[in-house]
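Report on the following structure.
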Amino acid sequence: EIHIKEPIEKEVSPRLLPGELLLCEASTVYKCIPEDGSNRGTYGKLVCTNFKIAFLDDDSASDDNEPQFKNKIVGENDITLQCVDQIYGVYDEKKKLLTGQLRKYPETLIIYCKDLRVFHFCLRYTKEEEVKRIVSGIVHHSQTPKLLKRLFLFSYASAAPNNTDGRNQTVMFDTLEDWRDELERTKGNVKYKAVTTNEGYRVSEKLPLYFVVPICVSEESISKYEGRGIPIWCWSCHNGAALLKMSALPKEQDDSTSQMQKAFLDGIYKTISKPPYELLKTDDLSSSLPSLQDIQTAYTRFKQLFLIDNSVDFWATDVKWFSLLESTNWLEIIRRVLKKAIEVAECLERQHTNVLLIEESATDLCCVISSLVQVMMDSYSRTKSGFQSLIQKEWVIGGHCFLDRCNHLHKSDKEEAPVFLLLLNCVWQLVQQYPPAFEFTETYLTVLSDSLYVPIFSTFFFNSQHQKDTSTTGESFKTQSGPFRFLTVWDWSVQFDPKAQAFLNNPLYAEKPKPDKSQRKSARFKHQRQLSLPLTQTKPSTKRGFFREETDHLIKNILGKRIGKFINSSDEPPNSFREFYDSWHSKPVDYHGLLLPRIDGPEIKVWAQRYLRWIPEAQLHGGGTIATAAKILDLMEEVQSLQVKMDEEHSQAISGDIHSVPLLRNSARLSSLFPFALLQRQSVKPALPTSTWKDLEDEEDLVKRDDEFVDLSGDMS
């Protein structure tokens, strides 16, 4: 049975952004919504531009059914070229991956997106010439390697009027002042200094222009190995312990060279490790956490669970859901990363020990762990502007290779790994476990993950600050009007109007109370005590004595052991981590103090909003966290309107705008897919075989089996 809307009579033309060019188009394309065997859908026009693939039907022209949470740049039937994951063609009901040159053109085009949408375009009723043009155009522009300057980012930057307030409250960390302010904010300026050694990228193109190192580190040391082997400061804890990162020195075969490296490193470690007053723990993340290849493999398996073609596929995987989920290993990787962040937090918070994270380039897992530790330990990083500043500091300026890791240019699949997505998944675990501690919502995190693939912002489209700077001012990139001015993703007004932006802010955020001046001293003292956890069992036993403890350290020093190994796991009681973890969880949560995620077993969850938002079968009608948020927003709006009435009655002049809160009419009918998809079709669960257990062991296709069926749909109330 085919439900067909009549082909459009009126001409629908795509809405183009500045710098966007129409490359090819095809009329009478049928967009299917595969549902329980029937082919519902609409006719329309499929177009490909240098920015996106878009489907235009007669609904696209009308504003009546616009969703409340409308993205001004990417519509619901738009796919940016960077968001295309894989394209399949259907030939005689067989799916085939489309890449490069095509000899034969498919009847149906299936596009799988990186934000997990799936589009089916039937080309059976389209003219053959148009089919050839649109299919080869889409495959070419979204799947073949391209040059950096061919990114839409540059077309948009040279054509768009740049009149937006890019900076807002986010600290960009592209000036020396920003780093000095951050040192002052964290009281790190006693032991650390911001340096200008790399101005003009004299030392290394991988390092940012400005960064922070221990005060005793000389310019000469920084230059010696192009910034490698130098501890770079990330953040200082309230007790003075600091979190640092370092890119490892290249492994040398030559003995004398490796001896020189060792001597250099020992000298560098002495600038941070001054026992007994200051201790240092080094952690080589490349050996203690999964490799980038493991992370990529796990995520590739994991996302397949959500790229669903139709209802039959959904219910077939539903029977083996837990075993499929576990076999991907994605949740286990999230758990391991969170556990590592808790271990680092314990060293800083309880052992008052500096932690140095080491990685080959210090721009992948170092970024994940340092960001997570700051989100857990610094309540400023849990505000919206604080979190954005953290991403700028650790990822954008810190030199995470977004271009390679997201494979935006389709240069090499080997470099691809969802490292930034891994961070967002870990932060989401904290957001859903402690909602009042965060000023932003899970919708904010979901939208941020989508923005990875929107090439009008420079934030996620360069490998380093040097690459961005040379692209901005480089001769080959200059426009008539001078250097490019790129947009930053942190200006949310570019994508959303104020009504939609309200969904990014958490109405239940417990704001930090401002201390009362009369009680300032005692309040500050109390705050310190809340942050520091009791040492309990990890204190040295009285028998050993204080001096024995110090001589142990001295002997280690004289023996010439690496200072970084002063505190290693063998020195700590084996239950130190567990005891710290259990001790914290046994106390009431201070939403402005240290936050430790719960990481045991089922506490690590799937980020349902991001991964299930396009699957109608998985929706909860009138349920989910969004329904709760909707009720709260309704109440807030009511309170605000009452406040306005009261103010009017008192004839007080209202200064400024009232923050607009979206009016969510009929919120009882919202589904958990809101605000990304409006209420969608009901999907009836098909009958399941009684021998479900046998199916779990058996890898045969459920649909093809002949078995005794029991209709369970009646129980699904």
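The values are calculated or read from the model by the stated rules, or taken from the named source; none is laboratory data. Since we're looking at a predicted model, the values are computed, not measured. Virtual Cβ from ideal backbone geometry, glycine too; neighbours counted across all protein chains shown. Just the protein is used for accessible areas: all its heavy atoms, side chains included, with ligands, DNA and RNA removed. Shrake-Rupley method; radii C 1.70, N 1.55, O 1.52, S 1.80 Å.
The rows are residues; the columns are (1) part of a helix (DSSP H, G or I); (2) under 9 Å from Ser672 (Cα atoms).
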| position | (1), (2) |
| --- | --- |
| Val606 | no, no |
| Tyr611 | yes, no |
| Ile626 | yes, yes |
| Ala629 | yes, no |
| Glu638 | yes, no |
| Val644 | yes, no |
| Asp647 | yes, no |
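How many residues, within segment 289-324, are open to solvent by 40 Å² or more (accessible area, probe 1.4 Å) and in a helix (DSSP H, G or I)? Walk me through it before giving the result.
We begin by selecting, within segment 289-324, every residue open to solvent by 40 Å² or more (accessible area, probe 1.4 Å); these are 291-294, 297, 300-301, 304, 310, 312-313, 317-318, 321-324.
Narrowing further to those that are in a helix (DSSP H, G or I): 292-294, 297, 300-301, 304, 312-313, 317-318, 321-324.
Selection size over segment 289-324: 15.
Is it fair to say Leu390 is part of a helix (DSSP H, G or I), touching a residue at least 40 places away in the same chain (Cβ under 8 Å) and open to solvent by less than 10 Å² (accessible area, probe 1.4 Å)?
In short, no.
Identify all residues within segment 129-145 that are surrounded by 16 or more Cβ atoms within 10 Å (Cβ to Cβ), of a type outside the set (S, T, N, Q) and closer than 29 Å to Gln467 by Cβ; write none if there are none.
Across segment 129-145, the qualifying residues are Gly137, Ile138, Val139, His140, His141.
Condition (residue is among the polar types (S, T, N, Q), without any contact (Cβ under 8 Å) to a residue 12 or more places away in the chain and either on the phi < 0 side of the Ramachandran plot or not in a strand (DSSP E or B) (or both)) applied to segment 368-379: is it met by at least one residue?
For segment 368-379, residues among the polar types (S, T, N, Q), without any contact (Cβ under 8 Å) to a residue 12 or more places away in the chain and either on the phi < 0 side of the Ramachandran plot or not in a strand (DSSP E or B) (or both): absent.
So if I check each of Ile215, Ile230, which one is more than 22 Å from Ser389 (Cα to Cα) and surrounded by 21 or more Cβ atoms within 10 Å (Cβ to Cβ)?
Working: Ile215 fails: surrounded by 21 or more Cβ atoms within 10 Å (Cβ to Cβ).
The match here is Ile230.
Hey, among the residues in segment 250-261 that are open to solvent by 80 Å² or more (accessible area, probe 1.4 Å) and in a helix (DSSP H, G or I), which one's farthest from Gly227 (Cα to Cα)?
Here the residue is Asp255.
Within segment 603-639, restricting attention to residues that are among the polar types (S, T, N, Q) and surrounded by 21 or more Cβ atoms within 10 Å (Cβ to Cβ), which residue is nearest to Ala500 (Cα to Cα)?
Gln609
Name the single residue that is surrounded by the fewest Cβ atoms within 10 Å (Cβ to Cβ) among those in segment 273-288 being in contact with a strand residue (DSSP E or B) (Cβ under 6 Å, 6 or more places away or on another chain) and either part of a strand (DSSP E or B) or on the phi > 0 side of the Ramachandran plot (or both).
Asp284
If we keep just the residues of segment 181-212 that are small (Gly, Ala, Ser) and open to solvent by 10 Å² or more (accessible area, probe 1.4 Å), which is farthest from Gly398 (Cα to Cα)?
Gly200
Filter segment 295-340 for residues that are of a type in the set (Gly, Ala, Ser) and in contact (Cβ under 8 Å) with a residue 40 or more places away in the chain and give the result.
Ser311, Ala316, Ser323
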